[in-house]
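To start, the structure under review is shown below, and the notes come after it.
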Amino acid sequence: MSESISRSTLSRPPTTFEIGADRAFRGLTRAAAWLTIGLVFLIVFQIAWTARPAIQEYGGEFLTTNKWDPSGKKFGILPQIGGTLYSSILGVAIGSIFGIAVAIFITQDFLPPKLEIAIKNVVELLAAIPSVVYGLWGIYVLIPTIRPFCNWLHENLSSIPIFGSRLAGPGLLPAALVLAIMVLPTVTAISRDAIVAVPPKLREAAFGLGATRWETILAIILPTASRGVYGSIILAFGRAVGETMALAMLLGNSNTFNWSLFSPGNTLAALMANQWPESGPVEKGALMYAGLVLLCITLLINIVGTLILQRTVKMGEPQR
């Protein structure tokens with residue numbers, strides 16, 4: 001009797017209330033989606049409108065010059081754009097290598113389960129540390145630790161451009177290393193979830209065909225989980241581009257760009273954080289222009305990342 005009642009309940013048409021609730025839920029989710037899109041456009045519009053006087057005054061020259069002189073009303077952010085991309089690419093590259101390695105290490109039975117959970121929790125706790133704490137640690141611990149080795153590299157390999165200067169204090173390499181630690185939890189967590197989602201039968205089939213553990217990891221598991229791994233790197237890149245306090249403390253705030261890993265530099269986010277409190281109306285417009293450029297770079301990174309993910313999915317689909 002109960003079975004027949006449950007079947008009739010499942011097979012009955014939806015009631016008026018259920019139809020209304022379903023339509024209301026769809027309407028709310030659609031409104032939330034459009035509201036999110038509208039909020040992004042609103043933020044871009046407000047920043048662009050505030051930066052409009054600076055855009056009209058400086059135009060494209062703002063992006064191609066390197067002088068930041070509030071008293072002379074001359075502004076250019078080319079070194080900051082270069083420093084933002086250089087430090088972010090270097091930091092994300094280092095963080096991605098270690099993040100993916102940690103994700104493999106804690107998912108492929110290299111450790112006992114309890115130790116895997118402990119390492120996973122410790123890595124995720126890194127995301128809870130404030131960026132200013134990372135900056136202080138970099139100043140008082142990291143820079144004094146790596147300075148002798150960096151200066152040795154400069155003394156012996158100064159002909160190589162990336163070793164062309166000494167590490168006297170803040171510089172690109174300390175900032176990139178701290179940035180790598182900051183993005184490590186993002187890369188590790190998402191890559192781990194992507195690797196865990198790989199069907200176990202693929203791994204068992206590879207072992208059955210005689211593949212070794214590392215052959216299985218590199219040829220089967222990582223390619224299958226590549227979409228999630230790429231996604232983690234893109235999210236980490238977006239986080240790195242917008243990082244402010246740690247880079248403001250470790251990069252040196254120098255309005256110059258140098259390919260040397262040991263030279264000081266600057267980023268767009270650090271420029272705005274350092275200059276905004278004492279800026280006048282004209283400089284505020286230039287800073288908003290710099291903020292608009294930073295926002296465009298972030299949006300471009302996400303668009304390119306989405307295209308890469310879509311291409312990865314298409315390449316993974318079976319040919320018909």
Checklist entry - Looking at (1) in a helix (DSSP H, G or I); (2) open to solvent by less than 10 Å² (accessible area, probe 1.4 Å); (3) of a type in the set (S, T, N, Q); (4) in contact (Cβ under 8 Å) with a residue 60 or more places away in the chain, which is the one condition that is false for residue 302? => result (2)
Checklist outcome for this item: Being open to solvent by 50 Å² or more (accessible area, probe 1.4 Å) and not β-branched (Val, Ile, Thr) narrows 136, 167, 172, 179 down to just 136
Checklist entry - Here are some conditions: (1) open to solvent by less than 60 Å² (accessible area, probe 1.4 Å); (2) closer than 18 Å to residue 127 by Cβ. Residue 245 meets all but one. Which one does it not meet? => result (1)
Next on the checklist: Here is a check on your reading of the model: is residue 189 open to solvent by 40 Å² or more (accessible area, probe 1.4 Å), of a type in the set (A, V, I, L, M, F, W, C) and within 20 Å of the chain's Cα centre (by Cα)?
Outcome noted: no
Checklist entry - Taking only pairs six or more apart or across chains, which ones have beta-carbon atoms under 6 Å, a first residue in region 200-214 that is without any contact (Cβ under 8 Å) to a residue 24 or more places away in the chain, and a second residue that is part of a helix (DSSP H, G or I) and hydroxyl-bearing (Ser, Thr, Tyr)? => result 203/216; 206/216
Next on the checklist: Anything in region 116-164 that is among the β-branched types (Val, Ile, Thr), closer than 19 Å to residue 188 by Cβ and either under 23 Å from the mean Cα position of the chain (by Cα) or at pLDDT 90 or above (or both)? List them, or say none.
Outcome noted: 119, 122, 123, 129
Item to check | Any hit, region 71-82, residues being of a type in the set (Gly, Ala, Ser), open to solvent by less than 40 Å² (accessible area, probe 1.4 Å) and under 23 Å from the mean Cα position of the chain (by Cα) | outcome: yes
Item to check | Considering residues of region 249-268 that are open to solvent by 10 Å² or more (accessible area, probe 1.4 Å) and out of contact with any strand residue (DSSP E or B) (no Cβ under 9 Å at 6 or more places or on another chain) only, the residue nearest to residue 171 (Cα to Cα) | outcome: 261
Checklist entry - In the set 280, 285, which member is open to solvent by less than 40 Å² (accessible area, probe 1.4 Å), touching a Pro at 6+ places or on another chain (Cβ under 6 Å) and modelled with pLDDT under 90? => result 285
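The values are calculated or read from the model by the stated rules, or taken from the named source; none is laboratory data. Small disclaimer: the values here were computed from a predicted structure and weren't measured. In this analysis, Cβ positions are derived from the backbone assuming ideal geometry, glycine residues included, and neighbour counts consider all displayed protein chains. Heads up: the accessible areas ignore ligands, DNA and RNA and are worked out on the full protein's heavy atoms, side chains in. Shrake-Rupley method; radii C 1.70, N 1.55, O 1.52, S 1.80 Å.
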